[in-house]
Amino acid sequence: MKRWIQAIGSGQQGSTRDLTYEEALEAAHEMARGDSTDAQCAAFLMALCMKGEADEEMRAFIDVFRSYAQPYHPFADSLNCAGPTEGRQFFPVTLPVSLLLASVGFSQVLHGGDSLPSRQGTAMQEILESFGVAMDLSAKAWETMLFHLHIGFLHTDQLCPPLGKLKQVREQIGLRTVIDMIEKVMNPVQSMNMIIGVNQRKTMESLIPISMRSGVQSIYLVNGIEGSEDLPIYQNSTIRIVTPWGDESRVVEPQKFGFLSGPLQPMDKAEQLSSLRRIIGGENSEELKRERDHVIFNAGLRLTWFDKVGSYEEGFQLAESLLQRREAQKVMQKWVDQSHRFTLQDFPHNESSSKIG
C-alpha cells in the first residue's frame, strides 16, 4: 500500500495525482485481501480523501469490493437501499416506508453496518434487533425470506467481510472516505432499481458516471435527511435520476402536494423505537404528524418513481391507506416470526420470537 500512498503524492511541485483505474484496482485488492496494515489503509484512505476521489478511483474500489461480496440469488425486481453509514439521529423514515412497499409486493433490500462510535446515531441493525428480527441467518434462509416477505436486511460484515474488517480503520479515521460510498452501493442481489442517499452534492456528481455504467435500470441519487435517501417535507429537494442512457435533475416540492409539516427532531434510540412502533401500528396522533407525514410522502414518491402507481397523489393515498390498515406492522411481525423460525432450524436452542407491541 505504501507505493500507492506515494503515487498519490507524486505530482509535480508537491501536487497530487489521480491513480489510474488499474492502479486503484491493485490498491483496492491489497486492502480487501488484508495485505496492508490498518495504519497503511488509514493513510491511503486519508490521502485519497484529501486529494478528492477521482471517478476512476471510486469505480475501481466499488468494482473490487463488490467482487468480494457474498453471492446471493439475484432479485432484479427489488429496490436496493442503504441507510446512512453514521446511523440515524432522526426518525428512520426508510424502515416504515420499506415495510409499506413490501406489503404491496415490491421487494426491498436494506443493508448497512454499525454506526461508528465517532458518529453518534442508531444503526438499522440495532433497530431491527430491538423489534426482534433475528440476523444470524444462512444465505439460503435470507433469500427465502426475501422471496416470501419482500423485505430483507444484510449487515455489511455479512455481505462483504473485507468491508467489515475495515471497521477499526474507519473508526480511527473518523471521517467519510470512499469506503462509506462503497458500503452504500454494494447492490447485493443485483437489483435493477436503487435509491442512494448522499451527504454532499459533490458525491452525487461523482456517482453519476459510475451509476450510468452499472447496468442498473434506474438509480435515484438523493441528498436527503442526514445524507439518507429520505426526502424532507419542510423544504424542496433536488434529486438526480440516472439510467444507462443519461441522467435527469428533478426538484421535488412537498408543498405542491399539501405536505406542510415542520422538520423532524433528533431522537435517541428509545424514542425512535417508540415512534416506529406507534406509526407502523396505525397511530394517527398529532404528536406523530411530522414523522407520519414523512413516511407517507416518501412512500408515495417511491411507489410513483418505480411505477407501482399511476400518479403521486395515488401513491400518497395508497401509503396512507396501508398505514391505517397496519400493513407495515403485519410485514414486520412476519419478518420477526420467520427470521426466528429459520434461526431455530439452524440453531435449535435459540429462543422463540416475541410479539411486536
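Descriptive notes on the structure:
- Where a residue in region 18-36 is open to solvent by 50 Å² or more (accessible area, probe 1.4 Å) and its partner, wherever it lies, is basic (Lys, Arg) and part of a helix (DSSP H, G or I), with Cβ under 8 Å and at least six apart: 18/51; 34/165
- Residues (surrounded by fewer than 21 Cβ atoms within 10 Å (Cβ to Cβ) and farther than 22 Å from residue 294 by Cβ) located in region 215-253: 215, 216, 217, 218, 243, 244, 245, 246, 247, 248, 249
- Residue among 89, 12 that alone is at pLDDT below 95, within 30 Å of residue 329 (Cβ to Cβ) and open to solvent by 50 Å² or more (accessible area, probe 1.4 Å): 89
- Extreme residue, modelled with the lowest pLDDT, among residues of region 51-83 that are among the small types (Gly, Ala, Ser) and buried (at least 21 other Cβ atoms within 10 Å of the Cβ): 83
- Filter result for residue 290 (open to solvent by less than 10 Å² (accessible area, probe 1.4 Å), within 16 Å of residue 233 (Cα to Cα) and part of a helix (DSSP H, G or I)): no
- Positions within region 309-324 being of a type in the set (Gly, Ala, Ser) and surrounded by 13 or more Cβ atoms within 10 Å (Cβ to Cβ), in sequence order: 315, 319
- Tally, over region 145-176, of residues that are of a type in the set (Gly, Ala, Ser) and on the phi > 0 side of the Ramachandran plot: 1
- Per the listing 174, 164, 197, the residue uniquely surrounded by fewer than 19 Cβ atoms within 10 Å (Cβ to Cβ) and in contact with an Asp or Glu (Cβ under 7 Å, 6 or more places away or on another chain) is 164.
- Index of the failed condition, residue 47 passing every other in (1) part of a helix (DSSP H, G or I); (2) in contact with a helix residue (DSSP H, G or I) (Cβ under 7 Å, 6 or more places away or on another chain); (3) in contact (Cβ under 8 Å) with a residue 60 or more places away in the chain; (4) not hydroxyl-bearing (Ser, Thr, Tyr): (3)
- Subset of region 250-303 that is acidic (Asp, Glu) and without any contact (Cβ under 8 Å) to a residue 12 or more places away in the chain - its residue that is farthest from residue 321 (Cα to Cα): 271
The values are calculated or read from the model by the stated rules, or taken from the named source; none is laboratory data. The shown structure was predicted, so the numbers you read here are calculated from the model rather than taken from an experiment. All Cβ positions, glycine included, derive from the backbone under ideal geometry; neighbour counts span all protein chains shown. What goes into the accessible areas is simple: the full protein's heavy atoms, side chains included, and nothing from ligands, DNA or RNA. Shrake-Rupley method; radii C 1.70, N 1.55, O 1.52, S 1.80 Å.
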